[in-house]
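**Student:** Please find one structure pasted underneath; my questions will follow.
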Amino acid sequence: MRNLSALFYGIVYGIAHVIPGLSGGTFLVIFGCYDTVCQAFALNFKEIKKNLIFLIFFGIGSLLGLIGFAHVITFLMASFEIQTNLFFMGLILGGLPLIIKITAEGEKFKPSCIPPFALGFALVASLFFMEKLGAFEASAAQGVDTVFFLKIALYSFTAAIAMVLPGISGAFILLAFGVYDMFMEALKGFDFAVIIPAAIGIFLGIVLGAKLVLLLLNKFKLTVYSAIIGMVAGSVIPLFPHGLGLNAATAVGVVCFAAGVFVALMFGKGEG
């Protein structure tokens, strides 16, 4: 069952990186395997060996989600935005009680946890509203860098750090840079001129990002987890779909939302 769960976690994690506004790190927290995967990202070989089978299934699922579902998810987002977004909102909100229960591991949340929670929530929300107000248009419209390889690696490096942080969408970072469509087309068409530098940037970003997160968790555990919970809660805002109302799409969307909550409760058992 644990291996099947790992495969599912990986698929959802991979899918999350295809959709701007959806955070893979959020679902790692919801499914209770954030520390396990972060240790692997940080190249902690002792923990990798300990959880090798779990990580193999997780890796297979991630590839399936990222590559195999790239076409499917983009189609669903374009054709059934309300239903798809509400399903992912259900996954996130359905997992919040579990996150609060397992993250502190016996430590009680204190009033001092409110500021980092608010900061995490505000960070995710502000990124969304800044994008809506066109705050990133200047960076997206800059001229083409002559060192294409390094530029793609740098974009990927930045987005990869976001992949480790709950509530922050790596795909959204690429969208902000104005290169999301190029990355998606490269992924669908196996354009290795983009994929190779992107892979290098992603690897470095994930490893360094994971090491930073683990360092902060060791020193400021309750504070960091409070910020993480804030980011997870804030990640619902970019997913709120347009067109909600008294219509069939919303009715089906409510069912999808309930299904998302159910899946979060079923799989979020803290197996990591």
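**Student:** Remind me, what semi-axes does region 35-77 give for its equivalent ellipsoid, largest first in whole Å, using sqrt of 5 times each Cα gyration tensor eigenvalue?
**Tutor:** They are 27, 10, 6 Å, listed from largest to smallest.
**Student:** I've got another one for you. What percentage of the solvent-accessible surface of region 177-224, computed with a 1.4 Å probe over protein heavy atoms, is contributed by carbon and sulfur atoms?
**Tutor:** Values: 1970 of 2680 Å².
Whole-percent figure for carbon plus sulfur exposure: 73.
**Student:** Hey, got a sec? Which trypsin sites (Lys or Arg not before Pro) in region 191-272 land in a DSSP loop and have at most 16 other Cβ atoms within 10 Å?
**Tutor:** Those satisfying the criteria are Lys269.
**Student:** Here's another thing I want to ask about it. Mind grabbing the accessible area of Val252 for me, 1.4 Å probe, Å², rounded to tens?
**Tutor:** 70 Å²
**Student:** Of all accessible surface on region 1-94 at a 1.4 Å probe, what whole percent is carbon and sulfur?
**Tutor:** Details: 2760 of 3690 Å².
Of the solvent-accessible surface of region 1-94, carbon and sulfur hold 75 percent.
**Student:** Considering only protein heavy atoms, what per residue accessible area in square angstrom results for region 25-72 with a 1.4 angstrom probe? Can you show the working numbers first?
**Tutor:** Details: 2180 Å² over 48 residues.
In whole numbers, region 25-72 has 46 Å² accessible per residue.
**Student:** Counting only heavy atoms of the protein chains, get the accessible area per residue of region 146-247 (1.4 Å probe) and round it to a whole Å² value.
**Tutor:** 46 Å²
The values are calculated or read from the model by the stated rules, or taken from the named source; none is laboratory data. These numbers were taken from a predicted model, which means no experiment stands behind them. When we count neighbours, we look across all protein chains shown, and the Cβ atoms used for this are built from the backbone with ideal geometry, even at glycine. Areas reflect the complete protein model, heavy atoms only, side chains present, ligands, DNA and RNA absent. Shrake-Rupley method; radii C 1.70, N 1.55, O 1.52, S 1.80 Å.
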